[in-house]
Amino acid sequence: MNPDGKANERPGTHVGQPVLRLEDDRLLRGRARFADDVDLRGQLHMRIVRSPVAHGEIRSVDASAAEALPGVALVLRGKDVEELGTVPLEQIGYHEIFPDLEAFGHPLLAVDRVLYVGQPVAAVLAEDPYVAEDAADLVFVDYEPLPVVLDPVEALAPGAPELHPGKGNEGARFERRYGDIDAAFAAAAHRVSLELRMGRHTGMPMETRNIVVDYDRSRDHLSVWGVVHVHDTRRLMAAMLGMPLSSISTRPTDLGGNFGVRGGIFPEYVLAAFAARRIDRPVKWVEDRAEHLVATSHAREQVHRIEGAFDADGRLLGLRDEIWHNKGAFFRQAAPLITDITVGMVCGPYRVPAYDGRIHAVLTNKTPSGAYRAPGRYEATFARERLLDSAAAELGIDPVEIRRRNLLTEDDLPWEPGFEIVFEPVSYNSGDVLAHFEKALPAADLEGMRAEATELRAAGRVVGVGIGVLMDKAGLGLYETAAIEVDPTGRIRVMTGGSSVGQGIETVLAQIVADELTVDPGQIDVIHGDTDLIPDGVGSWSSRSTVIAGGAAINAARRTREKAFRIAAGLLEVAEGDLDLQGGSVVVRGVPDRRLTLAEIAAAWDGWTARLAGDEPGLGGRDVYLEEHMNYPYGVTVVQLEIDRRTGGATLRRFFTSCEAGRAINPLTTAGQVIGAAAQGIGGALFEELAYDEDGQPLATSFIDYLLPTATEVPPIELLVCEDAPTPDNPLRAKGIGEVGLIAVGAAIAAAVDDAVGVPGLVAKLPLSPADLLALVEPVRA
Amino acid sequence: MKFAPFKYLAPESTDEAVAVLGELGEDAKVLAGGQSLLTLMSLRVAQPEVLVDVGRAGLGGVGSGDALEIGATTTQNEALRDLSVRERAPLMSRALLDVAHHTLRNRGTVGGSVAHADPAAELPAVLVALGGEVVARGPAGTRTIGADDFFISHYTTALEESELLTAIRVPGPAPDAWAFYEVARRHGDFAQVGVAASFSVDRDDRVASARLVLFAVDERPLRIAVAEEALVGRRLDDAEARAEAAERCAEAIEPVGDLHGSPDHRRRIARGAVRRALEGVVRETG
């Protein structure tokens, strides 16, 4: 059924339809079950004692008062867990390039040094969360403060305080080059260079990092609730605890958002598991928001020194970018990957003949950073689009025109510049960015927006229009798993290696399987997060679930169909080739009343019957989907913004964003993904900042000061989703659109501010607070 | 973000509440709607020994005689919906729309906000702008404190430790004209700067007297006498007078900087906010 209540116009075809989200029934009625809803008999509550100093030596840890408090079961100090080592980084190839990588891994608890405010120093386990917090206040730690370094450029200067003694503050450096960059700059008619800064902010899922761990001493087995990427977490947790994989199982819960920032395995998770095993009791850890702001992965903070070589007509001859990426005090599991992606995505959707990119992954005394929706792309797109705007101004051409001259077209395909991102060669092989651009601008009513802005400026208002063009990379991670079981009652269970984090994957997978099995999506239950049911999987990140988990679901459905045909052929005594699948039934072609529903086939194939036939009982199938390479969605963001010259407040009067989706499996969830991402892009450009003072004290320590855009700040998002360039690489022909809505927002807002003030290239940093905006507006108006 | 241990008392009458506070003195903290206090307790910034919940002490309700009197535990939304508040103190009704968010106003109380005396809060500024009063009861009896004398500093008022704020009062009819404007990062956030003002106007439509208050720029709501003087004797639609008042406000204040802006920025937006407020003056008919 469609949202308007009408039946589907194309019965049996659910892919492409705006099917209402199946998960919303429980999510919107408050019936979802999150980790914090899981309570186990005898559970202990964990509270982490965190460092209040940004850099210091630990002189002593005195937990005697905490241990003496009634209700306290255990206090863990750094030395108690030191032998478990640091949280290992992902083994995906970076260790070969950077042999010292593990030196930057995050310890479970600090032993003799702390490197950022919020770093776990001790863990208290108590009968209730109040006592745990009381006891945490009684753990007395004596710190000897050390000098701090917070800026990624300063951290690489000689004499900067070193975080990891003997290792330097550059944890990794990536260089990506192709073409003759020196020749490009030598031949350039115009050279433009900028230094740009992207502030530190991160995802703020409604659900913080939570975990519940149960311990079964009889089998030395741990059950874990609440983690996002279950297979990876299990793998790393098992490695750290020295347990076989089979001794850890994850249990499904609903997940209240992820956005990348809580997908990893964190010290707190391992501590909870370690403690449960050590004292043979269940352990629950619920992170509060104050902790989340200092201890969940931060993101974004980068400095770009970007330089472009242009010919006399504004065509790009070459790009250089040197980037300082502030990683914070330690490397999380996927830390090198985000740095790698940043330097790999600087050129974006443009025909750049030569490129020289270099990025430093820098350690500083701030919270460790990780992936946050569109990691690297939001930052790199801001830098590159700023450069194009400045170049357009220098050449005296319109920002639209300079993009028109440089965007990739179908004639450029396949665009294979000859380098890798996360060990996958960049190969952009479908679509036409320029054609999309030419379609998007009129759809956005760019001319109307500009004319109105001009009129308003003439009346003394500060209004401008800005454009950003983006390219994303989606579907990293090469494979995913799925299994299907048909219940004799007719319900169909789809078990996916993907993660349902609120993005709508349960609905999308149900649509995909519904079409393969000719049933209604409402008959389908999508299960995720249970490692006993789904022994392997990759999870939801990198806009990969629809394409890759969807591909796996198709394969599993086809296996299910094959088995249904095989069983039905025997039961109906016809050849398999004479069978067809219609309306959830296997039908003998030409004899419509000779049919068996999938439920009947499942019921018929009970254990005894299957045994006699020498077959596995039940109806279902499982498979792995292998993806050849990433896909590259692209899009355009256009905003019209007004600055209040008395207060510096910014209002987004218009907000348009487009994307090339290849194929939208569900237009509703597609729109939801793009709109949600756009709101986060607005946050990063105008509101959200994890600022620090000069001593390394975080300043945004609650939602009073960390400003998420709310319904009153996010304007209606005008949306254009195109299906002009289906990707040839996957059976759904879809591109991953979970992040596109975010990528060019910072760039477009910066350009709109330039335009409003009338100074191209004015904005050199994000986010822009009212104070920043007023400082930009006032000198120009005076 | 779990409270430190505390004792909880919920007196059933004002008399009992006053008696309990008299007994406990500085160990007690009054709990009304809890929308500020409980947050501070969650962060363990506040760790009171005893909470005295006055929610059942019979302090709610709005009365309208010679003065508009709003009981301390009247919720902000109750006050916002109240017709006599709208009639007698339209400035307060308007300002209440900017007090946090709807759901918080369902619990947050008028008396709680005034007694909490957050320098960025709207209601203390409105009370000063309207020449209102605070009614307090203690062991020695009931007294009335003028708003000008009530707010002393950050979270500090003229209330004695054992005194309970029982009501706020706004005397007289609605002012001839009033103004309100607030600058916040987002709707519902604490003010970066705010302006609340009331005016009496003579037969020639000139300002006879003015109370112009800035908030979130100092440790308490601040009347800016030099700006009031700039307006007295001039018409409210006199753009020059408005600009002069705004300029004088900007010069008169000494705001401190924070995460969201430097002292200079605060001064700048204060100037802008005063101009906006005065451009948007509401004239009561009659």
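The values are calculated or read from the model by the stated rules, or taken from the named source; none is laboratory data. If you're wondering where the values come from, they're calculated on a predicted model, not measured in any experiment. Cβ coordinates were reconstructed from backbone atoms using ideal geometry, including for glycine residues, and neighbour counts include every protein chain displayed. Heads up: the accessible areas ignore ligands, DNA and RNA and are worked out on the full protein's heavy atoms, side chains in. Shrake-Rupley method; radii C 1.70, N 1.55, O 1.52, S 1.80 Å.
Annotations for the structure displayed:
- Members of region B:175-193 found to be among the acidic types (Asp, Glu) and modelled with pLDDT of 95 or more, listed by number: B:Asp176, B:Glu182
- A count restricted to region B:262-283 and to residues that are over 18 Å from B:Ala239 (Cα atoms), more than 7 Å from chain A (Cβ to nearest Cβ) and loosely packed, with under 15 Cβ neighbours inside 10 Å stands at 2.
- Of all the listed residues (A:Leu668, A:Leu641, A:Leu652), the sole one being within 14 Å of chain B (Cβ to nearest Cβ) and at pLDDT 95 or above is A:Leu652.
- Considering only residues in region A:280-301 that are within 13 Å of chain B (Cβ to nearest Cβ) and part of a loop (DSSP other than H, G, I, E, B), the one that is surrounded by the most Cβ atoms within 10 Å (Cβ to Cβ) turns out to be A:Glu287.
- Scope region A:348-368; condition closer than 12 Å to A:Ile181 by Cβ, assigned to a loop (DSSP other than H, G, I, E, B) and open to solvent by 10 Å² or more (accessible area, probe 1.4 Å); matching residues: A:Pro353
- Helices (runs of 4 or more DSSP H) contained entirely in region B:1-90, each with at least 1 residues that are under 30 Å from A:Ala135 (Cα atoms) and β-branched (Val, Ile, Thr): B:37-42
- Each residue in region A:676-730 was checked for being within 19 Å of A:Tyr116 (Cα to Cα), in contact (Cβ under 8 Å) with a residue 60 or more places away in the chain, within 14 Å of chain B (Cβ to nearest Cβ) and part of a loop (DSSP other than H, G, I, E, B), and 9 pass.
- Flag for A:Leu732 being surrounded by fewer than 24 Cβ atoms within 10 Å (Cβ to Cβ) and more than 25 Å from A:Tyr350 (Cα to Cα): yes
- Selection status of A:Pro70, more than 14 Å from every other protein chain (Cβ to nearest Cβ) and not charged (D, E, K, R): no
- Residue in region A:96-103 that is away from every other protein chain (no Cβ under 14 Å) and buried (at least 18 other Cβ atoms within 10 Å of the Cβ) present: yes
- Scope region A:312-344; condition open to solvent by 10 Å² or more (accessible area, probe 1.4 Å), farther than 24 Å from A:Pro52 by Cβ, part of a loop (DSSP other than H, G, I, E, B) and not polar (S, T, N, Q); matching residues: A:Ala312, A:Asp313, A:Arg315, A:Ala334
- Taking first residues from region B:1-20 that are away from chain A (no Cβ under 14 Å) and partners that are assigned to a helix (DSSP H, G or I) and buried (at least 17 other Cβ atoms within 10 Å of the Cβ), the Cβ contacts under 6 Å between residues at least 6 apart in sequence or on separate chains come to B:Leu9/B:Val20; B:Pro11/B:Ala17; B:Pro11/B:Val20; B:Ala17/B:Val54.
- Flag if A:Asp288 is at pLDDT 95 or above and closer than 30 Å to A:Asp412 by Cβ: no
- In region B:122-144, residue most open to solvent (accessible area, probe 1.4 Å) [restricted to those that are part of a strand (DSSP E or B) and farther than 18 Å from B:Gly22 by Cβ]: B:Thr144
- The criterion of at least 2 residues that are closer than 30 Å to A:Gly263 by Cβ is met, among strands (runs of 3 or more DSSP E) falling completely within region A:136-209, by A:170-178, A:190-198.
- Qualifying positions in region B:177-218 - over 15 Å from the mean Cα position of the chain (by Cα), away from chain A (no Cβ under 14 Å) and open to solvent by 30 Å² or more (accessible area, probe 1.4 Å): B:Ser200, B:Asp202, B:Arg203, B:Asp204, B:Asp205, B:Arg206, B:Ala208, B:Ser209
- Residue match in region B:75-91 (condition: assigned by TED's automatic domain parsing to the domain that holds B:Val274, of a type in the set (Ser, Thr, Tyr), closer than 25 Å to B:Gly280 by Cα and out of contact with any Cys (no Cβ under 7 Å at 6 or more places or on another chain)): no
- The helices (runs of 4 or more DSSP H) located wholly in region A:391-477 that include 2 or more residues which are more than 17 Å from A:Ala744 (Cβ to Cβ) and open to solvent by 30 Å² or more (accessible area, probe 1.4 Å) occupy A:433-444, A:446-458.
- Qualifying residues in region B:238-264 (those that are touching a helix residue (DSSP H, G or I) at 6+ places or on another chain (Cβ under 9 Å) and assigned to a loop (DSSP other than H, G, I, E, B)) - the one farthest from B:His154 (Cα to Cα): B:Asp238
- No other residue among A:Ala775, A:Ala764 is open to solvent by 10 Å² or more (accessible area, probe 1.4 Å), within 12 Å of chain B (Cβ to nearest Cβ) and more than 26 Å from A:Arg544 (Cα to Cα) apart from A:Ala775.
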